[in-house]
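The values are calculated or read from the model by the stated rules, or taken from the named source; none is laboratory data. None of these values were measured; they are calculated from a predicted model. FYI the Cβ positions are ideal-geometry reconstructions off the backbone, even for glycines, and counts take in every protein chain you see. Accessible surface areas use protein heavy atoms only, side chains included; no ligands, DNA or RNA. Shrake-Rupley method; radii C 1.70, N 1.55, O 1.52, S 1.80 Å.
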Amino acid sequence: MQASANSQKLIAKSQKPTWIWYPGDFEIWLGNIFNNRRTERGAMFPPFWKQDSHYVTVEFSKAFALDHGETITIAVEGQFNFAIDGKLQFPAKEYTIPAGKHKLNVKVWNQATPPALFIDGDTIHTDSSWLATYEDKLWIDENGVAHGSGIYVPVASWHFDAIDTPPSQFHLERKEQRPVSATIPDGFPAGVLYDFGRETFGYLKVNGLKGTVRVYYGESREEALDCDHCETLDVLSCSAGDGLSCCVDSSFVVASSKAFRFVYIEKENDASYTDVLMDYEYAPFDTQHSGSFRCSDDEINRIWDVAAYTMDLTTREFFMDGIKRDRWTWSGDAIQSYLMNYYLRFDTECVKRTIRQLRGKDPVTAHVNTIMDYTFYWFKSIHDYYEYTSDVTFVREMWPRMVTLMDYVEGRLNGQGMGEGQPDDWIFVDWVDFPMHKRGTLAFEQILLMKAMETMALCAELVGAAQASGYRVKAEALRKKIKETFWSDELKAFFHAIEEGTLNRQITKFPNMFAILYGLADEEERRDIMQSVMLNRDIPAITTPYMRFYELETLLIDGHHEQVLKEIRDYWGGMLREGATSFWEKYNPEESGAEHLAMYGRPYGKSLCHAWGASPVYLLGKYYLGVRPTKPGYEEFEVRPNLSNLEWITGDVPTPNGIIHVEMNRHEIKVRATEGRGTLYYGDQQLSIEAGRETVMQI
């Protein structure tokens, strides 16, 4: 009996204690810091949507049965009280818990950062088995009667596994970098232009600074030298003996991170400095668990490399949109980042952080980012996450907030049960270069809503919720209504919208390609849409990488691999030929010179490093290497490689616990997988793929 107890003690001690907090609070707190870092010419620029806050008082609880008394160490972020079996203890850092059955409760208050708890003992320690409540002990029913005695939920944790590394100290990694050149530009005798070689992100460091200098950042040379119009700037001042921490070791590190390639620095009066560097900031990743792609076309290889670099730059505490301007989390941008991430780094923690942060807290008072389509993408992102990871635990965590968000959506549907923009909604769809009304009942929005309803039905089934059949019925009813309202048998396309009771017969690619992507169109309708819309040159062109992501995927679903490769070469290769070192928010081949830098009515308003510009990572991994899960989490998967007009391709696709490696040339296909069961398809041939063994198919 004693040996058994000792064995249990050793097993428990081998499990590391970790910091715990109320679910979602870390992401909401960190997201507020993240989303408020944006500046415009030195002025702070907060997001224009509601920002929630963490719960300031959280109670943590767990019951234990101890064979022997033991001493525990408690650390918190905030102030706390500690109760054993309901009896408060005198404040201390260590407590001795006697043998027997006990219930421990710790209340933590913290206004500044999320209340967090760390307990370390022989068998008692904080982990994911603890429960938490934010003191929502009572609720009132429709009759005014109080119910309940505390609603506890499983706590959240991550990898903060040391007592001296609490959640509030989380930060990305940094490494020092030097500019590749420093020049005095013609016409700018008072300053020096530093070129760091390519788009980058981090903290400028000025060594040996005395006096005041003005710093002008630019994603382009033109922007850095346009002191009156560049998007970001700093004024740095450091005098000998002033005691500023920035001047420690004669090094001034700017307080806020910036995106730039070029930095122009002007001295004021007799200011001086000795050197300029930067601390490059990045989210670390495992190179052994990352995607890769190589082929016989060097330009395509370069495009993949720059797309991957773009993704790495925009993968931070969360997936952000552009690293220079917005620096915010946008749901429409993020859903593409998640998909690209599944073929590059498979960073599921960043996916979950971003989904939690975007959702925020109840009550729901507006759409995600205030954009109706972005709310619908938020639901779809959970569907995608489950397909790639099979993580039901996360689905179960998000389910209550999915329900309340969908309740909000349904409360704003029109009389026909469709989503229609209200005065306080932003209907985005895309930035377009042609006239397109965004008010009324848009077919595009209804297709996204249908997919959101289908996601609700799927997730309800996963968590065992009773609403599954109800959401399924609603999704099917909406599917039928969309076809009855917007489909044209004559033109073989979905019309644009209903506006004030009248059908807007405009045809755009947006609803039509999503009808294919989200399974609204049947096989015959899909073929019709491809000819009447997607391959029809009379239909207005899409000019943002954002919607080109979906347009090219639609073409690939229909087998147009050679056309898509040409478009990748023309569109993304076009940016490279313009000197891009990361991919842009928008690219119009008809523009030239400084026209490529302008957007939103500002000469340098365009982001030259934007997450939605990195879609070749996803397209090449999913449709040329041909890898995708057919059962959640790659329990089963398929490989349908397509060489197109290339001579050979090779690459890796990350999975939850391994890698799928694909090689293909004109004669054979080789596949190696470290997990799951797969099937290799080529033409009429198919072979089974077993984990740990190489599968070879002659073609």
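Of all complete DSSP H helices in the chain, those with a Cα span along the helix axis of 20 Å or greater and a mean Kyte-Doolittle hydropathy of 1.0 or more are 443-463.
Placing unit charges on the Cβ atoms only, positive for Lys and Arg and negative for Asp and Glu, gives segment 625-699 a dipole magnitude near 60 debye about its Cα centre. Using 1/(1 + (r/R0)^6) with R0 = 25 angstrom and r between the beta carbons of Trp426 and Asn588, what's the FRET efficiency to the nearest 0.05? So the FRET efficiency works out to roughly 0.60. Centre-to-centre, using Cα atoms only, segment 349-401 and segment 461-514 are separated by 22 Å. Rolling a 1.4 Å probe over the heavy atoms of the protein chains gives segment 14-81 an accessible area of 42 Å² per residue. Heavy-atom accessible surface of segment 452-607, averaged per residue, reaches 42 Å², computed with a 1.4 Å probe.
When a/c reaches 1.5 or more, the comparison of a/b and b/c decides; with that in mind, is segment 262-321 rounded, prolate or oblate per its Cα gyration tensor? Judged from the Cα gyration tensor, segment 262-321 comes out prolate (a/c at least 1.5, a/b above b/c). Ranking Trp399, His229, Asn414 by Cα position along the charge dipole of the chain, where only Lys, Arg, Asp and Glu carry charges on their C-beta atoms, puts Trp399 farthest toward the positive end. Rounded to the nearest 20, the Cβ-based charge dipole of segment 302-437 about its Cα centre (Lys and Arg +1, Asp and Glu -1) stands at 400 debye.
Our note on the geometry: Cα centres of segment 272-332 and segment 682-699, 34 Å apart. The overall shape of segment 330-386, judged from the alpha-carbon gyration tensor, is prolate: a/c is not under 1.5, and a/b is greater than b/c.
Per-residue ellipticity at 222 nm, computed for the chain from helices alone with -39500 (n - 2.57) per DSSP H run of at least four residues, works out to -9000 deg cm²/dmol. Going by the alpha-carbon gyration tensor, a ≥ b ≥ c the square roots of its eigenvalues, is segment 271-391 rounded (a/c under 1.5) or, if a/c is not under 1.5, prolate (a/b greater than b/c) versus oblate? In terms of gyration-tensor shape, oblate.
Just to confirm the filter: which chymotrypsin sites (Phe, Trp or Tyr not before Pro) across segment 594-699 are DSSP coil and have at most 12 other Cβ within 10 angstrom of their Cβ? The partial results should precede the final answer.
Numbers: sites: Tyr600, Tyr604, Trp612, Tyr618, Tyr623, Tyr624, Tyr634, Phe637, Trp648, Tyr681, Tyr682; in loops: Tyr600, Tyr604, Tyr624.
Those satisfying the criteria are Tyr600.
Packing, taken as the mean count of other beta carbons within 10 Å per residue, orders the peptides 491-503, 186-198 from highest to lowest as 491-503, 186-198.
Overall, the accessible surface of the chain at a probe of 1.4 angstrom is composed of carbon and sulfur to the extent of 49 percent. When +1 charges are put on Lys and Arg Cβ atoms and -1 charges on Asp and Glu Cβ atoms, the dipole computed for the chain relative to its Cα centre reaches about 960 debye.
Between Gly197 and Val180, the built amide H atoms are under 5 Å apart, and every one of these is 5 or more places off in sequence or on another chain. Here is the result for segment 386-423: no trypsin sites (Lys or Arg not before Pro) lie in DSSP coil with at most 10 other C-beta atoms within 10 angstrom of their C-beta.
In this structure, the residue pairs whose Cα-Cα separation is over 18 Å, taken from Lys451/Lys474; Lys480/Lys631; Lys352/Lys586; Lys380/Lys483; Lys50/Lys474; Lys438/Lys480, are Lys480/Lys631; Lys352/Lys586; Lys380/Lys483; Lys50/Lys474; Lys438/Lys480. Ranked by the mean number of other Cβ atoms within 10 Å per residue, highest first, peptides 345-356, 661-672 order as 345-356, 661-672.
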